[in-house]
Every structure is written in structure tokens, then in C-alpha cells.
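Here's the structure, in C-alpha cells; my notes come after.
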Amino acid sequence: MDAGTGVVGLIGHPVGHSKSPEMMNRAFRARGLPFVYLAFDVSPQELETAVRGMQALGFRGWNVTIPHKVAILEYLDEVEETAREIGAVNTVVSRDGRLIGYNTDSEGYLRSLVDETGLELAGQRVLILGAGGAARAVAHALAVAGVESITIANRTREKAERLAASLGRKVDARALSLAEVARVAGETTLLVQTTSVGMYPETEAIPIDPSLLHEGMTVSDLIYRPRKTLLLREAEARGARVHGGLGMLLHQAALAFEKWMGRAAPVDVMRDALEEAMK
Ligand code: ATR
């Protein structure tokens, strides 16, 4: 590091668990780029001050995580269409004094799903469990990618209805409560689990009755700790194809790297760094 070293980073609250510093710093070294990536714990009250500070210090950009993904919108000069539709930003680029917001979770999810499963998205009948921020990113990505239908099932049904309505004319979208998933499970070809159910340390929790899983399904769980949730283990036992959450984490980071650096990310190097950091 010297006087010419550039800075990018992460703001969230908390950020101590983040694996992004390992992935990004390894990527900068692999590409010989004079940048460092640092994680900053920023409380909601300090968000505006932090944004203005990073701007004044000439940060190239930064990632945004919980709880700032929606609140950050207020401080940006421009928000790219996907991020606007999702209503959340996870990547900011500072360009010529302007702050531009993107959402790479959406495209990151798609890249991971297609890379790891080889799934053809056209014609998929999708069931999404959950209707929070992660579900919004996934639902928009799949709608744009041309799946046949999307059913959103959420514990709080009104939130599922709002998300289904926001998908508008892009796709045939319906809403259910989580308790009603048996109605559509049989015809579902892609099940995407976006709730926190099954996440460490509650690793024996599962969001739906496992008898609804079948071999005609690909089951995708956004949780990456554990690498294979109980849902994925039950799905695998019934002959379904399974997809874990680590790839989304990797690809959303690779896409952020590309937005800041204007060149392809060293995805394999970043995957190795992530795998090591997960041990
Ligand atoms: P994220 O950004 O990770 O999506 P979020 O926006 O807080 O987080 O959304 C959390 C999702 O997990 C919601 O769909 C939530 O359901 P509610 O809308 O009913 O709260 C779901 N969720 C969390 N805990 C759950 C549980 N124990 N059972 C079922 N769903 C749960």
C-alpha cells in the first residue's frame, strides 16, 4: 500500500461475519490492482455521514448490506433499473463525483444458478419461499430471465402479495401463505428458499414439509451456512437437483468488482478465497 492505493469497502451493521474482504482483496492482488477493500460497521444514524465521508475520501465505490440496502437510495444520484425495481442497492459506484446504485444480488443469483445447475430457465414453474429483500432480488431476476410462472409463498401472506404484484406484467405471478405451498408443490420445477429458516445455528429447521419435495424439482437454497441445509439434504434424498447459496455470494461480489474496476473479475481466485474463509 502506498499513497496511490485506492479504497473500496462494505458498509453494514454488523459486518464482522462478511467474507467480502477476503474475496475482494485476493481479487485485487490477482489482477495487480492497487486497491484495498475494508469493512465498516455503520449504524443507521451514521449512514449519511458515512456516505459523505467515503465520497470526500475518494472511494471508488462500496458494497451495502443489511440494514442499509434500502436507506442508501436516498443518497444516490442515480439508481440503475434493476436496483430500482427491486427497491434495494448492494453496490455503489462513485464516478465523476456522482453516486450510482446497482443491485448485483439479482444477476449474481442467476449466474450461480445457471453455472452450477445448467438449468434452462424458460418454462420453469418457480416457487419462492419468503418475500423479503433476497426474495425480491431472486424474483426479479427469474421474471426477467423468462420463467413460465412464479408463486411467492410467505409466512406473512400480504408481503407475498405485494411482491407478486410488483412483478407486474413480466411474468405470471401468484401469492400464497407458507402454509398453502402443498397446492403448487407438485407442479413446481424450481423451488427457491430465501427465508432464514435452516440457517446456522438452527440447522435442523426446514421451511416446508419435506414430503412435498420431488425428483422433478431443482431446489435452490440461498443459505450458505451450512453449505447444505436440511432442505437441500431432504431434496437430494428424494432425487431433486440441489443448489446452495455460496455461489450467489461469490457472483454478486464478482459483479461488483466488475462495476468498480471495469474489467472481468478473477472468479476462480475469489471462489478459492471464499471457500478458505468459510472454513
Ligand atoms: P432477507 O433480506 O434475507 O430476505 P428479510 O427481508 O428480513 O431478509 O426477509 C426475511 C424473510 O424470511 C421473510 O420472508 C420472512 O417472513 P415474514 O415476511 O413472514 O416475516 C421469512 N422468515 C423469517 N423467519 C421465518 C420463519 N421462522 N418462518 C417462516 N418464514 C420466516
Nearest-0.05 FRET efficiency for Leu33 and Arg155 at R0 = 45 Å, using Cβ-Cβ distance, is 0.55
Karplus ³J(HN,Hα) for the range 180-189 (6.51 cos²θ - 1.76 cosθ + 1.60, θ = phi - 60°; Hz, whole; x = Gly/Pro) runs 9, 5, 4, 4, 10, 4, x, 8, 6, 10
hull vol. (C-alpha, convex hull) per residue for the range 176-279, Å³ -> 129 Å³
The range 166-192 scanned against label point 7 Å out from Thr117 along Cα→C-beta; backbone N under 20 Å for 171-176, 178, 181-192
Both in Å, the radius of gyration and Dmax of the C-alpha trace of the chain are 18.9, 61
Note to self: with every protein chain in place and a 1.4 Å probe, the chain gives an accessible area per residue in Å² of 45 Å²
Going residue by residue through the range 240-245, the Karplus relation 6.51 cos²θ - 1.76 cosθ + 1.60 with θ = phi - 60° gives ³J(HN,Hα) values, rounded to whole Hz and with x marking Gly or Pro, of 7, 7, 10, 9, x, x
With a 1.4 angstrom probe the carbon and sulfur portion of accessible area for the chain, in percent, totals 49 percent
What helix-only [θ] at 222 nm does the chain give? Using -39500 (n - 2.57) per DSSP H run of at least 4, over all residues, to the nearest 500, the answer is -11000 deg cm²/dmol
At q = 0.15, 0.17 1/Å the base-10 log of I(q)/I(0) from the Debye formula over the alpha-carbon atoms of the range 50-91 is -0.35, -0.45
Amide H contacts under 5 Å for Ile128, restricted to residues at least 5 apart in sequence or on another chain and with H modeled in the peptide plane, are Thr151, Ile152, Ala153, Val192
Sorted largest first, the Cα spans of the range 1-66 on the principal axes come out in Å as 36, 27, 14
Taking every alpha carbon pair in the range 13-105 and sorting the distances into 5 angstrom bins from 0 up to the bin holding the longest one, the percent per bin comes out as 3, 13, 24, 24, 22, 12, 3, 0
For the range 205-279 the GluC sites (Glu not before Pro) that pass both the DSSP coil test and the at-most-13 other-Cβ-within-10 Å test are Glu215
Counting Lys and Arg as +1 and Asp and Glu as -1 over every other residue whose Cβ sits under 11 Å from the Cβ of Ala88, the net charge comes to +1
Binned at 10 Å starting from 0, the alpha-carbon pair-distance distribution of the range 106-244 in whole percents comes out as 13, 49, 35, 3
The set of residues whose placed amide H lies less than 5 Å from the amide H of Arg95, leaving out same-chain residues fewer than 5 positions away, is Ile100
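The values are calculated or read from the model by the stated rules, or taken from the named source; none is laboratory data. As the structure is a prediction and not an experimental result, all values here were calculated from the model. Note that each Cβ is placed from the backbone with ideal geometry, even for glycine, and that neighbours are counted across all protein chains shown. With ligands, DNA and RNA removed, areas are computed over all heavy atoms of the protein, side chains included. Shrake-Rupley method; radii C 1.70, N 1.55, O 1.52, S 1.80 Å.
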